[in-house]
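Here the structure comes first, spelled out in structure tokens, and everything after it is commentary.
The values are calculated or read from the model by the stated rules, or taken from the named source; none is laboratory data. Please read all numbers here as calculations on a predicted model, not as lab measurements. Don't worry about glycine lacking a Cβ; one is built from the backbone with ideal geometry, like all the others, and counts go over all protein chains shown. Remember, those area values only see protein heavy atoms, side chains included, never the ligands or the DNA or RNA. Shrake-Rupley method; radii C 1.70, N 1.55, O 1.52, S 1.80 Å.
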Amino acid sequence: MTEILNAHGSKNDIFVAAMTPRDFASDDDLRAFVRRLCDRAGPFGGDGIYFYDAALPVPEAWFFNPDGSSAEFCGNGMRCLGRVILDQRGADTAVVRSGQAEYTVRRGATTSEGVRQISLEHPAVDFIPQTPVVAGRNPLTEARLPELDPALEFTAVTIPNPHLVALVGKYVESDLIAMGKQVATRPDVFPAGANLSVLLPLVPAEVFVRTFERGAGLTASCGSGMAASRAVYSRVTPVSPERRVTVRNAGGMATVSLTVRGDRWHPVLEGNATFVYRAEVDPAAFTPGAIEPCDDEVRAYAALEERNAARLHEAGVPV
């Protein structure tokens with residue numbers, strides 16, 4: 001049996017397991033395990049899993065989407081994994097490698113509801129084009145794409161996950177889903193897929209962000225989507241990069257600022273890392289074992305989520 005932890009950042013629920021991809025007999029076995037674990041119709045269900053090896057001086061991690069595909073990293077998941085490693089080491093700061101980059105995680109403030117938070121510093125955002133020119137326009141600049149709403153200007157950014165972000169005057173969920181699916185079915189334009197986000201300003205220091213994620217679809221929130229959207233927000237509006245902006249989403253809220261080093265922007269996101277339950281599972285037979293709920297943490301987050309929902313209702317955002 002292997003212990004798995006179910007945790008979430010803004011209701012983007014991620015599994016964390018002290019395993020590595022090498023623990024599986026084959027890639028097919030690994031991806032089959034991920035799909036079964038994340039299947040909402042199965043005994044568990046989630047938005048992805050972080051495997052990690054904490055024995056190294058710089059812990060190494062591997063993230064997989066619910067469809068079994070891999071990704072460079074997951075922002076919400078990295079906060080949850082970061083908290084696990086900080087707790088194991090009795091530390092306030094740690095560096096974790098995921099994909100080709102290293103991420104600094106720190107203990108953040110505990111909210112008035114008792115919600116534990118983790119601060120995550122991302123690598124510098126990159127607005128440099130990364131994909132082929134399509135119909136004479138490059139999709140990784142501010143450009144209109146034929147697959148997307150022609151009334152919107154999308155800015156592309158890698159963080160290092162690829163994102164397309166547009167500011168909107170009104171949030172329409174069906175439009176986001178339709179556009180996200182279209183982007184997901186264009187491997188000729190986005191060979192590795194792309195996450196698509198819409199950003200709705202509420203007040204200068206408060207925005208709403210929703211993301212359609214590659215390999216996962218519409219989730220309650222996306223950590224790298226929040227960070228990417230925050231970077232785009234200062235790129236296309238007068239809002240200062242260093243300003244802390246509250247980013248609300250369907251699952252909760254976080255604060256994001258951009259640390260400026262030279263001409264590079266490094267997003268720093270602070271948000272919840274809430275433990276939901278621990279469980280045992282046999283990776284080979286996929287037999288569920290004992291489940292230990294983290295009821296106190298779940299109750300604390302429910303209070304914060306209620307406060308966030310009230311603010312979005314007040315702002316007229318349908319979620």
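A few notes on this one:
- Under a Gaussian network description of the chain, with springs only between Cα atoms under 10 Å, the residue in G271, G114, G193 that fluctuates furthest is G114.
- Cα centroid separation, the stretch 194-269 to the stretch 14-93: 23 Å.
- Of all stretches in the chain that contain no trypsin sites (Lys or Arg not before Pro) in a DSSP loop with at most 10 other Cβ atoms within 10 Å, the longest one is 171-319.
- Restricting the stretch 214-307 to chymotrypsin sites (Phe, Trp or Tyr not before Pro) that sit in a DSSP loop and have at most 15 other Cβ atoms within 10 Å of their own Cβ leaves F286.
- Of P267, P57, P66, the one that fluctuates the most in a GNM where the chain has Cα springs shorter than 10 Å: P57
- Heavy-atom accessible surface of the stretch 1-108: percent carbon and sulfur, 1.4 Å: 43 percent
- Rounded tilt (10° steps) of 295-315 against the dominant C-alpha axis of the chain: 10 degrees
- Degrees, to the nearest 10: 75-89 long Cα axis against longest axis of the chain: 40 degrees
- Whole-Hz couplings from phi, Karplus 6.51/-1.76/1.60, listed for the stretch 44-60; x for Gly and Pro: 10, x, x, 9, x, 9, 9, 8, 8, 10, 8, 6, 7, x, 10, x, 10
- Fraction of antiparallel bridges per DSSP, the chain only, in percent to nearest 5: 85 percent
- Distant alpha-carbon pairs in the chain (separation over 23 angstrom), percent: 55 percent
- Binned Cα-Cα distance frequencies in the stretch 165-319 - 5 Å width, integer %: 2, 8, 16, 17, 17, 15, 12, 8, 4, 2, 0
- Accessible area of the chain divided out per residue, in Å², using a probe of 1.4 angstrom: 41 Å²
- Residue (of L200, S221, G42) at the positive-pole extreme of the chain, dipole from beta-carbon charges: L200
- Mean sequence separation of contacting Cα pairs (under 8 Å, at least six apart), scaled by the length of the chain, corresponds to a relative contact order of 19 percent.
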